[in-house]
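Participant: Please find one structure pasted underneath; my questions will follow.
The values are calculated or read from the model by the stated rules, or taken from the named source; none is laboratory data. Just so it is clear, the model here is predicted, and its values are computed rather than measured. Reconstructed Cβ throughout: ideal geometry from the backbone, glycine too, with neighbour counts over all protein chains shown. Note: accessible area is taken over every heavy atom of the protein model, side chains too, but ligands, DNA and RNA are not part of it. Shrake-Rupley method; radii C 1.70, N 1.55, O 1.52, S 1.80 Å.
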Amino acid sequence: MSAAFAITTPIYYVNGAPHIGHTYTTCVADTLARWRRLRGEEVYFQTGTDVHGDKAVEAALAAGEAPEAFTRRMSAEWRQTWDELGIAYDRFIQTTDADHVAGVKLILQRLWERGEITFREYEGLYCVGCERFLSDRDMQDGLCRDHERAPELRSESNYFFRMSRHFGWLARTLEEQPGLIRPARYKAEVLGMIRDDSGLSDLCISRPRQRLAWGIELPFDSNYVCYVWFDALLNYLVGCGFPEDSGWEARWRNTHHLIGKDILKPHGVFWPTMLHAAGLPLYRSLNVHGFWNMEDRKIGKSLGNMVDPRVMKQRYGFEPFRYFLLREMAYGQDGSFSEAALARRIDADLANNLGNLLSRTLDMLARYCGGRIPTPPGQDGASTEGEAERQLREATAETAAAVDRFVEEVALHRALEAIFALLNQTNRTLEQCAPWKAAKEGRQKDVEEILRTCCNVLRAAGLLLAAFLPEAAAEILSRLGAASALKTARLPEDAAAWNALPPGTQTRKAPPLFPRAPRP
Ligand code: ME8
């Protein structure tokens with residue numbers, strides 16, 4: 001069980017339904033996985049749910065259900081949402097899965113035996129309403145934000161992972177492996193978190209069972225359960241087949257994590273130090289993105305229902321929404337969501353640029369060439385390649401190579417920008433060559449040359465877009481009479497192949513690929 005490329009999303013909390021933020025990370029992962037598969041690589045893509053801890057218990061209580069039944073039901077709903085949206089994951093992991101629980105216990109035991117875990121008293125501000133210790137973030141003006149009451153000073157004995165002894169190693173590793181955390185500014189943030197004066201030291205990894213029973217029991221003390229983050233991070237390793245599968249390490253060494261910047265500390269500090277302390281290798285890369293905001297507020301659980309991916313699917317179609325997410329946000333930076341911006345992108349890029357090029361090309365091909373792909377120059381012994389065709393052939397090859405590079409850098413917005421720039425250039429060339437005029441003047445060779453050139457670009461676009469917009473891409477190729485191209489294609493090279501549509505291939509006119517967006 002080896003994989004040249006493994007990709008993960010965070011495992012999401014089940015105290016709410018998926019919103020635009022979760023959908024974004026998951027679509028980025030899905031696109032990367034699809035692209036790598038089209039490159040012929042063996043891919044492993046994992047997502048799932050994080051079901052233990054206080055938050056899950058609170059949400060279960062609010063729903064009047066036991067934590068186990070509640071989290072099972074919610075996990076099924078998350079999974080169903082990704083299925084409905086066509087997310088092609090290989091495994092949906094849930095932190096109650098038997099192999100996950102066994103993996104967490106094994107690592108806890110190993111760290112305990114290695115002297116990486118200590119037991120001591122902890123003193124902190126405890127909110128009875130929340131039934132937990134509060135962090136600075138939980139308080140405002142000395143009061144618990146949720147309960148608006150003063151917390152009590154309490155002490156409690158707990159187990160601690162001796163995390164800070166690995167900070168020196170982590171700092172050196174981050175300097176030695178510049179691509180480990182991307183973009184670079186998040187690496188700098190992690191370095192700031194582990195500086196001597198940062199205040200971050202050891203990590204409390206247990207919760208007394210009488211306070212929180214919903215978790216994985218510590219293998220060396222049944223009075224405690226494991227802290228939810230310590231448990232959750234290990235999902236990535238378990239998904240690779242650790243410890244039983246002989247191929248787990250190859251898969252693990254090729255694992256790329258995708259996360260939002262809200263969970264940089266657990267993934268940039270807790271996780272690598274946990275791995276190092278357990279004598280395990282590091283992940284291949286951690287790729288951090290920004291937040292989707294709405295009127296400058298982070299979209300979270302409360303605002304989330306306003307941008308429910310299933311509602312977006314109903315209103316706009318899922319692929320147009322997915323296109324917007326991937327095109328609009330520069331990976332690493334924050335993005336701003338509004339339905340007006342979504343509608344503008346759909347109209348300008350999908351309906352006008354791509355959709356019109358496809359419709360016009362196939363309409364004219366039907367009108368002037370019997371709907372069949374014309375014979376390329378050279379093959380009929382007469383014409384040679386014209387300037388317009390040469391330019392678009394070269395631009396197509398450059399675009400295919402650029403898309404591959406951008407996907408490698410997780411710059412999906414730039415990959416899409418490149419594809420749509422090529423389509424735009426093709427629309428302009430089509431306008432200049434004006435085949436409708438050439439047809440009137442009886443210049444059939446010119447008509448055929450520009451329409452065949454457009455079909456070449458559209459075939460390339462169909463292949464290049466397959467990882468981003470799987471259904472639309474398949475439809476483009478099908479209308480071009482190349483429905484099976486995706487089965488055999490190797491990207492990026494095959495996207496640049498010119499005149500790969502056999503002359504005489506029957507094409508198919510159809511209604512617009514993307515209707516204009518309904519007004520919000
Ligand atoms: O943190 N913009 O789960 P979670 C962009 N269970 N992305 C967003 C976002 C926004 N406004 N809101 C959420 C957890 N996300 C833990 C993870 S992993 C071992 C455990 C995305 O349900 C983004 O990927 O709160 C973010 O990191 C993640 O959802 C947080 O999901």
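Participant: Got a number for the accessible area of Glu394? Probe 1.4 Å, square angstrom, nearest 10.
Facilitator: 70 Å²
Participant: Additional query: Would you rank Asp262, Asp141 by solvent-accessible area, highest first, keeping every protein chain in place and using a 1.4 Å probe? Display every interim value, and only then the final one.
Facilitator: Working: Asp262 85, Asp141 145 Å².
Putting Asp262, Asp141 in descending order of accessible area: Asp141, Asp262.
Participant: To the nearest µm²/s, what D does Stokes-Einstein give for the stretch 24-113 at 20 °C and 1.002 mPa s, using the Kirkwood radius over alpha carbon pairs as Rh?
Facilitator: On the way: Rh = 15.1 Å.
Value of D from the Cα-based Kirkwood radius: 142 µm²/s.
Participant: Any idea how far the Cα center of the stretch 47-109 sits from the one of the stretch 336-381, in Å?
Facilitator: Using only Cα atoms to place each centre, the spacing works out to 43 Å.
Participant: Within the chain, what whole-number % of the accessible surface is contributed by carbon and sulfur, with the 1.4 Å probe and all protein chains included in the calculation? Before the final figure, lay out the partial values.
Facilitator: On the way: 10140 of 21930 Å².
Percent of accessible area from carbon and sulfur atoms in the chain: 46.
Participant: Same structure again: Taking every alpha carbon pair in the stretch 76-171, what does the distance histogram look like in 10 angstrom bins from 0, in percent?
Facilitator: With 10 Å bins starting at 0, P(r) equals 12, 22, 26, 32, 9.
Participant: Under unit Cβ charges (Lys, Arg +1; Asp, Glu -1), what dipole magnitude, rounded to 20 debye, does the stretch 395-474 have relative to its Cα centre? Before the final figure, lay out the partial values.
Facilitator: Working: 9 positive and 11 negative charges, 71 e Å.
Around 340 debye, computed over the stretch 395-474.
Participant: In debye to the nearest 20, how big a dipole does the chain give about its Cα centre with +1 on each Lys and Arg Cβ and -1 on each Asp and Glu Cβ? Walk me through the intermediate numbers first.
Facilitator: On the way: 64 positive and 68 negative charges, 270 e Å.
That gives a dipole near 1300 debye.
Participant: Here's another thing I want to ask about it. Once Rh for the chain is found with the Kirkwood sum over Cα pairs, what is the Stokes-Einstein diffusion coefficient at 20 °C and 1.002 mPa s, in µm²/s?
Facilitator: On the way: Rh = 25.4 Å.
Diffusion coefficient, whole number: 84 µm²/s.
Participant: While we're looking at this one, here's another question. Can you find, among Ala59, Gly355, Tyr126, the residue farthest towards the positive end of the dipole of the chain? Put +1 on the C-beta of Lys and Arg, -1 on that of Asp and Glu.
Facilitator: Among Ala59, Gly355, Tyr126, the one farthest towards the positive end of the dipole of the chain is Gly355.
Participant: Given charges of +1 on the Cβ of Lys and Arg and -1 on the Cβ of Asp and Glu, with all other atoms neutral, how large is the dipole of the stretch 128-196 about its Cα centre, in debye to the nearest 20?
Facilitator: On the way: 12 positive and 12 negative charges, 82 e Å.
Result for the stretch 128-196 is approximately 400 debye, rounded to the nearest 20.
Participant: Continuing with the same structure: Which of Gln140, Gly279, Leu422 sits farthest toward the positive end of the charge dipole of the chain, with +1 on the Cβ of Lys and Arg and -1 on the Cβ of Asp and Glu?
Facilitator: Leu422
Participant: What cysteines in the chain have no other cysteine with a beta carbon less than 4.7 Å from their beta carbon?
Facilitator: Cys27, Cys204, Cys226, Cys240, Cys369, Cys433, Cys454, Cys455
Participant: For Phe514, Phe291, what's the largest-to-smallest order of accessible area, 1.4 Å probe? Mind showing how you got there, number by number?
Facilitator: Details: Phe514 15, Phe291 45 Å².
From most exposed to least exposed: Phe291, Phe514.
Participant: Separation between the Ala366 and Leu61 pseudo-spin-labels, each 7 Å from Cα along Cα→Cβ, expressed in nm?
Facilitator: According to this spin-label approximation, the distance is 6.3 nm.
Participant: Which of the GluC sites (Glu not before Pro) found in the stretch 74-179 are in a DSSP loop and have at most 10 neighbouring Cβ atoms, other than their own, within 10 Å?
Facilitator: Values: sites: Glu77, Glu84, Glu113, Glu116, Glu121, Glu123, Glu131, Glu148, Glu152, Glu156, Glu175, Glu176; in loops: Glu116, Glu131, Glu148.
Within the stretch 74-179, the qualifying GluC sites (Glu not before Pro) (loop, at most 10 other Cβ atoms within 10 Å) are Glu148.
Participant: Would the stretch 115-254 count as rounded, prolate or oblate if I go by the C-alpha gyration tensor, calling it rounded below 1.5 in a/c and otherwise prolate when a/b exceeds b/c, oblate otherwise? Could the numbers behind the result be given before it?
Facilitator: On the way: a/c = 2.10, a/b = 1.36, b/c = 1.55.
Oblate shape, in that a/c is at least 1.5 and b/c is the bigger or equal ratio.
Participant: Tell me, what is the per residue accessible area of the chain in Å², probe radius 1.4 Å? Let's see the in-between values first.
Facilitator: Values: 21930 Å² over 520 residues.
Result: 42 Å² of accessible area for each residue.
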